[in-house]
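**Q** This structure is in structure tokens; I'll ask about it shortly.
The values are calculated or read from the model by the stated rules, or taken from the named source; none is laboratory data. Just so it is clear, the structure is predicted and the values come from calculations on it, not from any experiment. For neighbour counting, all protein chains shown are included, and Cβ atoms are generated from backbone atoms with ideal geometry for every residue, glycine included.
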């Protein structure tokens, strides 16, 4: 009995080679895909990204990022996109499930933003870039 490997082509998958590594994104400008190609983790990450792309909950912060990526983000210079894409992904991962209404309550959202920025305290300039993108 032989075990044959089945190759699946994932629609829209974007591959980027940089600094000797290969990075995968659900689509150009889309969220990064976790895991190695062919693994269950990779497929789950891809499927989650595609599902989020199709139907973002309009009450969640993720929907703002979704609309931003489709519109304003596309107007940025390539160099800005290159710098901002990892930050947009990090912001989406950290803040995506929060309700948009929370951002209208400074006393509630400021501590959450401070905690997020604090994760990057060892690289203050990078932390400032992340805050600027947010």
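**Q** Out of 59, 32, 45, report the one residue that is within 28 Å of residue 101 (Cα to Cα), in contact with a strand residue (DSSP E or B) (Cβ under 7 Å, 6 or more places away or on another chain) and at pLDDT below 90.
**A** 32 is the lone residue from the list that is within 28 Å of residue 101 (Cα to Cα), in contact with a strand residue (DSSP E or B) (Cβ under 7 Å, 6 or more places away or on another chain) and at pLDDT below 90.
**Q** Only residues that are touching a helix residue (DSSP H, G or I) at 6+ places or on another chain (Cβ under 7 Å) and more than 16 Å from residue 60 (Cα to Cα): list them for region 84-122, please.
**A** 84, 87, 116, 117, 120, 121 - these are the residues of region 84-122 that are touching a helix residue (DSSP H, G or I) at 6+ places or on another chain (Cβ under 7 Å) and more than 16 Å from residue 60 (Cα to Cα).
**Q** Quick one: in region 72-83, which of the residues that are surrounded by 14 or more Cβ atoms within 10 Å (Cβ to Cβ) and under 16 Å from residue 27 (Cβ atoms) is modelled with the highest pLDDT?
**A** By that ranking, first place goes to 81.
**Q** Please name all residue pairs, on different chains or six or more residues apart, with Cβ atoms under 7 Å, provided the first residue is in region 1-27 and is on the phi > 0 side of the Ramachandran plot and in a strand (DSSP E or B) and the second residue is modelled with pLDDT under 85 and surrounded by 10 or more Cβ atoms within 10 Å (Cβ to Cβ).
**A** Filtered contacts from region 1-27: no entries.
**Q** Sticking with this one: Can you find a residue in region 112-119 that is outside any helix (DSSP H, G or I) and modelled with pLDDT of 90 or more?
**A** There is at least one residue in region 112-119 that is outside any helix (DSSP H, G or I) and modelled with pLDDT of 90 or more.
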